[in-house]
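Student: This is the structure I have questions about; it appears just below.
The values are calculated or read from the model by the stated rules, or taken from the named source; none is laboratory data. Keep in mind that this is a model prediction, so the values were computed, not measured. Because the Cβ atoms are built from the backbone with ideal geometry, glycine has one as well, and the counts that use them run over all protein chains shown.
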Amino acid sequence: MTRTIKIATRESKLALWQARHVRDLIQAAHADVKVEIVGMTTEGDRNKQSPLSQIGGKGVFVKELELALIDGSADIAVHSMKDVPSILPAGLMIAAIVKRADPRDAFVSVRYQRLSEVPAGGKIGSSSLRRRLQLKAAFSELQYLELRGNVDTRLGKLDAGEFDGIILAVAGLQRLGLDRVTQALDTGYCIPSAGQGAVGIECRSDDSEIIQMLESINHEQTSVCVACERRITASLEATCNLPIAAFAEITGGTISVQTFVSDESGDQSLRESISGPVEDASRLADDLTRKLLDRGAETLIRPGTR
């Protein structure tokens, strides 16, 4: 008997690409499964004017999809893992993460080939406080401005001359088939958000049939890296709208992790890194978190705490 699986997804071009990618992976691994895509509009999609930090952070892109899982109108939800809060609602879990695409941030410009070429006072647009503050530390002479909207909207504002450059995710541009990456930014000075470039699949934690099905499309190395990154942000009790970065990568049998934590003004920030055996990923994440906390990360994240 053919089973029909319903995928909840946002209706943006990128989100639909991700949902179709997951659909194709599931159907390739399970010939007896039919997959339907259920498009939904989230608060993050409806409100394109307010800064994300004012409307609940990047989690506003997943809340409605999670409600569809909880009420049973969808079986799985597909997310950009960088948008998923570190703490999930009770009864839900990330059951699989597919192979990660390029996790780096992209400088996109029609005037300059590199971010370092933009003259003092140049306008750089981004919706991410994490990106803006890290780049401000490296290129302090530039102006960093809030830029909301889908990829097409942001590129349109760039092409209209409103900005000298904008910052987007390399993975998103590549998935949309847009040859607009002017420069992929080095993770040494612009550390990606936890989960950036990775697509995750959320489901109800009591749906054993779905969980078993999704195991076949899980990419183990990506899952280890993203779990490590999310363990750090969860331990810091960080919300998606805070300027925090965590990026793990595996080379051979070694996992290396970089982190960035800042206050919201960018006046104070911390960077820490660690590396060790892949099998010790969880312990390394905990050790790195302790380093950050020992250096005052909690005060940066929640001013007034001691």
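Student: Checking ASP267 against (1) under 22 Å from ARG100 (Cβ atoms); (2) free of Cβ contacts under 8 Å to residues at least 12 places away in the same chain; (3) among the charged types (D, E, K, R), which single condition isn't satisfied?
Tutor: (1)
For every residue, the table says whether it meets (1) touching a strand residue (DSSP E or B) at 6+ places or on another chain (Cβ under 8 Å); (2) within 30 Å of GLU272 (Cβ to Cβ); (3) without any contact (Cβ under 8 Å) to a residue 12 or more places away in the chain.
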| position | (1), (2), (3) |
| --- | --- |
| THR187 | yes, yes, no |
| PRO192 | yes, yes, no |
| GLU202 | yes, yes, no |
| ASP207 | no, no, no |
| GLU215 | yes, no, no |
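Student: Exactly one condition in (1) polar (S, T, N, Q); (2) out of contact with any Leu (no Cβ under 6 Å at 6 or more places or on another chain); (3) in contact (Cβ under 8 Å) with a residue 24 or more places away in the chain is false for THR251; which is it?
Tutor: (3)
Student: Hey, LYS157 hits all of (1) of a type in the set (D, E, K, R); (2) at pLDDT 95 or above; (3) outside any loop (DSSP other than H, G, I, E, B); (4) under 20 Å from CYS190 (Cβ atoms) but one; which does it fall short on?
Tutor: Result: LYS157 passes all but (4).
Student: Condition test on GLN258, is it in contact (Cβ under 8 Å) with a residue 24 or more places away in the chain and surrounded by fewer than 17 Cβ atoms within 10 Å (Cβ to Cβ)?
Tutor: No.
Student: Here's a follow-up. Does the range 127-150 include one or more residues that are closer than 20 Å to VAL22 by Cβ, in contact with a Gly (Cβ under 7 Å, 6 or more places away or on another chain) and at pLDDT 95 or above?
Tutor: no
Student: So, in the range 271-291, how many residues would count as being of a type outside the set (S, T, N, Q), surrounded by fewer than 17 Cβ atoms within 10 Å (Cβ to Cβ) and out of contact with any Leu (no Cβ under 6 Å at 6 or more places or on another chain)?
Tutor: The number of residues fulfilling the criteria is 8.
Student: Out of the range 257-306, which residues are among the hydroxyl-bearing types (Ser, Thr, Tyr), under 14 Å from PRO243 (Cα atoms) and in contact with an Asp or Glu (Cβ under 9 Å, 6 or more places away or on another chain)?
Tutor: THR259, SER269, THR299
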